[in-house]
Amino acid sequence: MTTITRRQLLQGAAVAGVAAATAAPATAEASAESEARGRQPGDLGLLYDSTLCIGCRACVTKCKQANELPVDALTINGAPYDAPNDLNATTKTVIQVATQGDRFAFVKRQCMQCLDPACVSACMIKAYQKGPGGVITYDQSRCLGDRYCQIACPFNVPKFQWSKAIPVMVKCEMCRHRKEGPACSEVCPRQAVISGKVTDLMAEARRRQAASPGKYLARIYGETEAGGTQCLYLSAADVPFETLGLPKLDATTQPHLSTSIQHGLYNKMIAPVALYAAIGFAVWKNTRGGEDEEKKP
Amino acid sequence: MSHATATPVGGKLTTPFFNLMALVALVGAVALVVRFGQGLGAASGMTDGYAWGIWIAIDVVVGTALGCGGYAMALMVYVANRGKYHPLVRPALLTGALGYSFAALSIVVDVGRYWGMWKIPTYVSWWNFDSALLEVALCVMTYVMVIWIEFSPSVLERWRASGTPGQRTFAESAGPKLDKALPWIIALGILLPTMHQSSLGTVMMLPYSKMHPLWFSPILPLLFLVNCLFLGYAAVIGETTVSTSGFGRRSDPRLLGSLAPVMGWLILFFLALRFGNLAMRGSLPAAFAANKYAAWFWLENLLLLVPGIVLLGKNARERASTQFGAAFAIMAGGVLYRFNTYILAYDPGPGWSYFPSVLEILVTAGFVAAQVMIYLFVVRRFPVLTSATPAPSR
């Protein structure tokens, strides 16, 4: 390439400046979004205590009732049961069992309501949003079914209606449509799952740990995992969370890296616009030169 | 962007090969009936664990990279000002336009709620600037239009020369306007792939807790960008070699050969970045584990390293067979790298597995066949390929 003179450089800068100015309003919102949200006093969540759960699955049944979800029929020895083995298109919460030799422990799965959710970060046109109480809401009218939320979620929570020609995503929204709050905690006979403000749930978890020394793992799952979640877990002292099937995650939020790259490269669209101006200038100059050469005999 | 030497190949369109492609495309279309009639579960091997399959990993992530020939050649001709590569630009733009158009079509097939896709470019206030996928979607949508406009002089040239009176009038009025705008459209055609090809790497940074350390990298966007460039050049060499020999035209191994060092250095740069970053993060020991991940990892890298070194040698400047062999290996290695980043390296946890269903494969095969058909049609009817020797009518 030929050396760029100062005048040419100024021309390029002027083009970049005009374009950046016009693009700025559209992207102003972007930088505001990237602010880390952190824990907020009004956040709602669940506390699940694996040591109290007896695996009755009343929560699973009540969840289906409250969310008008069909049964997930499984036939065992000729007899049909509503027995989902995982979260799926008809199941927003599930009780699974983890076994170790002849010992076992139950675990409840549902959306973890992350503080910095990967699904919210993934979704192109904000079908997922952090709603009132920090509950992650899903808006099917915006959903395109591209399933990037499924790829992104570290807990494999959002589920897709694979068997439907007109599908939607299915995930727990903490029964935000019910005045009474979450249905699962309402029916639990042992307070193995309780709902409320995360600050209260955290205090209750600590109280339980303190009241029965040696009974629990010292950690509370969800306090720091994936940058913190609003659903918290207690487990027995000899049952690590990984045994329950909860993924081992560090305290970095899942979207941290990719959003910092997106925001770094596309901050106010300055870099792309400047790059466009530079490329445009080079192409304009080189094609003009080419024409001159063609005009020569 | 006019070059006098490009001429239509001419000849009969419906050769046995063309008819075979038509059959494959038709079968693919039938498979689509199942997908749209009964949903994605009935048509594909995808699950809640592996929510993306070959329609994304091959048709979009690999297909657009192989379609980067237009981007890579435009960089060479219009930014680096190497005018001698002009004859390679049109065929590269055509394959690129086809690759991107069918990638876009694949997205329509893959997306569960495809009828709402118009909302992406329309509802600006809904845009999520955190989402690398949004960047990919907007850029690809725009680029499909841009690359067809970049290719359009070929169509206008033909219409001006031997079109109907209407076509001729249109070509004569649109041609000068297009010529004026073309530098800025070409610049867009360079900017947009730079953006979305790197973003295709960023997309797989979000699920970092599920990614294998040999593929996850904080510099995935840069790796994907360099990867699409050498894949673009390799595709140009592959396509030029096949089409020149297929149509009985004389190829110019020296022209293609002068691309060899560019590709060689790009590949060495890519490998240095990849291994350097792995070493920096302390993830290199994973490459020496006795498992399938390490095996695929070395296969990918050797399929790049060996041809990369060969391309820097003297032999590659002159011999068409060396160039073609190297380009083929590079395509295999580069494609594997992309595919593995999206499928192999992605681990949703125990209990999940993915293998494409027959219908899934038929749809992808059908799309490839349709691209071949359109390519053959266009090069036979429009001035795309340069004519070193006149084409025998066949």
Open item on the list: Quick test of your reading of the structure: B:M141 fulfils all but one of (1) at the interface with chain A (Cβ under 8 Å from one of its Cβ atoms); (2) at pLDDT 95 or above. Name the failing condition by number.
Closed with: (1)
Open item on the list: Consider region B:40-80. How many of its residues are part of a helix (DSSP H, G or I), surrounded by fewer than 20 Cβ atoms within 10 Å (Cβ to Cβ) and within 24 Å of the chain's Cα centre (by Cα)?
Closed with: 1
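Any residue in region B:13-23 that is touching a strand residue (DSSP E or B) at 6+ places or on another chain (Cβ under 8 Å), in contact (Cβ under 8 Å) with a residue 24 or more places away in the chain and aromatic (F, W, Y)?
Residues of region B:13-23 touching a strand residue (DSSP E or B) at 6+ places or on another chain (Cβ under 8 Å): none.
No, because not a single residue in region B:13-23 is touching a strand residue (DSSP E or B) at 6+ places or on another chain (Cβ under 8 Å), in contact (Cβ under 8 Å) with a residue 24 or more places away in the chain and aromatic (F, W, Y).
Listed here are the residues, each with its yes/no results for (1) out of contact with any strand residue (DSSP E or B) (no Cβ under 9 Å at 6 or more places or on another chain); (2) within 26 Å of A:C119 (Cα to Cα); (3) assigned to a helix (DSSP H, G or I).
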position: A:G214; (1), (2), (3): yes, no, no
position: A:E223; (1), (2), (3): no, yes, no
position: A:Y233; (1), (2), (3): no, yes, no
position: A:D238; (1), (2), (3): no, no, no
position: A:F241; (1), (2), (3): no, yes, no
position: A:L244; (1), (2), (3): no, yes, no
position: A:L249; (1), (2), (3): yes, yes, no
position: A:T252; (1), (2), (3): yes, yes, no
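I need the full set of residues from region B:320-335 which are surrounded by fewer than 21 Cβ atoms within 10 Å (Cβ to Cβ) and β-branched (V, I, T), in order please.
Taking region B:320-335 and keeping what is surrounded by fewer than 21 Cβ atoms within 10 Å (Cβ to Cβ), we get B:320-322, B:324-325, B:328-329, B:332.
Correct list: B:T322 only.
Filter region B:84-118 down to the residues that are without any contact (Cβ under 8 Å) to a residue 40 or more places away in the chain and surrounded by fewer than 16 Cβ atoms within 10 Å (Cβ to Cβ) and list them by number. Can you show your working first?
As a first pass, look at region B:84-118 and keep what is without any contact (Cβ under 8 Å) to a residue 40 or more places away in the chain: B:108, B:111, B:113-118.
Residues satisfying the conditions are B:V108, B:Y114, B:W115, B:W118.
On the given criteria, is B:R281 in contact (Cβ under 8 Å) with a residue 24 or more places away in the chain and within 14 Å of another protein chain (Cβ to nearest Cβ)?
Values: in contact (Cβ under 8 Å) with a residue 24 or more places away in the chain: yes; within 14 Å of another protein chain (Cβ to nearest Cβ): yes.
Yes: the conditions hold for B:R281.
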Open item on the list: Checking the condition touching a Phe, Trp or Tyr at 6+ places or on another chain (Cβ under 9 Å) and without any contact (Cβ under 8 Å) to a residue 40 or more places away in the chain, which residue from A:A73, A:A79 passes?
Closed with: A:A73
TODO: Would you list the helices (runs of 4 or more DSSP H) that sit entirely within region B:244-331 and hold 1 or more residues that are within 15 Å of B:C228 (Cα to Cα) and modelled with pLDDT of 90 or more?
DONE: B:260-280, B:292-312
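Please find, within region A:67-90, the residue that is nearest to the other protein chains (Cβ to nearest Cβ) out of those that are surrounded by 10 or more Cβ atoms within 10 Å (Cβ to Cβ) and of a type in the set (D, E, K, R).
Of region A:67-90, the ones surrounded by 10 or more Cβ atoms within 10 Å (Cβ to Cβ) are A:67, A:69-74, A:80-90.
Then keep just the ones that are of a type in the set (D, E, K, R); that gives A:72, A:82, A:86.
Values: A:D72: 13, A:D82: 19, A:D86: 8 Å.
Per the criteria, the residue is A:D86.
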Open item on the list: Filter region A:187-226 down to the residues that are buried (at least 22 other Cβ atoms within 10 Å of the Cβ), at positive phi and not aliphatic (A, V, I, L, M) and list them by number.
Closed with: A:G222
Task: Hits in region B:157-188 - residues which are in contact with a Phe, Trp or Tyr (Cβ under 7 Å, 6 or more places away or on another chain), within 13 Å of chain A (Cβ to nearest Cβ) and either more than 27 Å from B:V378 (Cα to Cα) or small (G, A, S) (or both) - done: B:A187
TODO: Kindly list the number of the only condition in (1) more than 30 Å from B:L32 (Cβ to Cβ); (2) surrounded by fewer than 22 Cβ atoms within 10 Å (Cβ to Cβ) that fails for A:S163.
DONE: (1)
Task: Conditions (1) without any contact (Cβ under 8 Å) to a residue 24 or more places away in the chain; (2) assigned to a helix (DSSP H, G or I); (3) crowded, with 19+ Cβ neighbours inside 10 Å; number of the one not met by B:G37 - done: (3)
TODO: Within region B:90-147, track down each residue that is touching a strand residue (DSSP E or B) at 6+ places or on another chain (Cβ under 8 Å) and among the basic types (K, R).
DONE: B:R90
Open item on the list: Just checking, does region A:109-131 include any residue being in contact with a Lys or Arg (Cβ under 6 Å, 6 or more places away or on another chain), farther than 27 Å from A:P255 by Cβ and away from chain B (no Cβ under 13 Å)?
Closed with: no
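Are any residues in region A:64-98 of a type in the set (D, E, K, R) and at negative phi, and if so, which ones? Talk me through it step by step, then tell me what you get.
If we filter region A:64-98 for residues that are of a type in the set (D, E, K, R), which is where we start, we get A:64, A:68, A:72, A:82, A:86, A:92.
Answer for region A:64-98, where residues must be of a type in the set (D, E, K, R) and at negative phi: A:K64, A:D72, A:D82, A:D86, A:K92.
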Open item on the list: Just to check your reading of the model, which residue among B:P213, B:P218, B:P121 is more than 8 Å from every other protein chain (Cβ to nearest Cβ) and in a loop (DSSP other than H, G, I, E, B)?
Closed with: B:P213
TODO: Specify which of the listed residues (B:A43, B:A74, B:A29, B:A80) is away from every other protein chain (no Cβ under 11 Å), hydrophobic (A, V, I, L, M, F, W, C) and either closer than 24 Å to A:W284 by Cβ or in contact (Cβ under 8 Å) with a residue 60 or more places away in the chain (or both).
DONE: B:A29
Task: Top-ranked residue in region B:125-134 [being part of a helix (DSSP H, G or I) and facing another protein chain (nearest Cβ under 7 Å); ranked as surrounded by the fewest Cβ atoms within 10 Å (Cβ to Cβ)] - done: B:W126
TODO: Could you check how many residues of region A:131-160 are buried (at least 18 other Cβ atoms within 10 Å of the Cβ) and either part of a loop (DSSP other than H, G, I, E, B) or at pLDDT below 95 (or both)?
DONE: 13
Task: Members of region B:324-349 that are touching a Gly at 6+ places or on another chain (Cβ under 8 Å) and of a type outside the set (A, V, I, L, M) - done: B:F324, B:F328, B:T341, B:P348, B:G349
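The values are calculated or read from the model by the stated rules, or taken from the named source; none is laboratory data. None of these values were measured; they are calculated from a predicted model. Ideal geometry is used to build each Cβ from the backbone, glycine not excepted, and the neighbour counts take in all protein chains shown.
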